[in-house]
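The values are calculated or read from the model by the stated rules, or taken from the named source; none is laboratory data. Because the structure is a prediction, the values reported are computed rather than measured. Using ideal geometry, Cβ is built from the backbone for each residue, glycine included, and neighbour counts are taken over all protein chains shown.
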Amino acid sequence: MDEINERAAEEALRLEDTSDAHVTVVSMAPESARDALRKVLAMGGDQGIHICDDRLRGADVLITAKVLAAAVRNVADVDLVLAGNASTDGQAGAVPAVVADLSLAPYLIGQKLL
């Protein structure tokens, strides 16, 4: 987990502390990402979803976003999607916005709610 993903997790946990929120961490990544998910759960996250499938290796922005959005839709009452930036989307930075759009949820980029 890089610094920006950790900040997104910390912000989600702050929101949880000040509201009736629950934090679910979703990752589509190799087995090695399991430690990052465990870290967020140890920090106070409520649930972790780890999508680990060799058939998704090298997935493009749209496939990645569709898979993550499907996972988000399986979480009850999603009001907000917070995202970091660690991805293999060619550094397009588009996955969080597409996930939020497909999930019909607002998302934060920097400090702006979109």
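Odds and ends about this structure:
- Within the range 31-48, the residues that satisfy the criterion of being exposed (fewer than 14 other Cβ atoms within 10 Å of the Cβ) and either of a type in the set (A, V, I, L, M) or modelled with pLDDT under 90 (or both) are S32, A42.
- Selection of the range 1-27 for residues being assigned to a helix (DSSP H, G or I) and within 21 Å of N74 (Cα to Cα) yields A8, A9, A12, L13, L15, E16.
- Considered as a group, the residues in the range 16-30 that are over 20 Å from I4 (Cβ atoms) and among the acidic types (D, E) include one that is surrounded by the most Cβ atoms within 10 Å (Cβ to Cβ), and that residue is D17.
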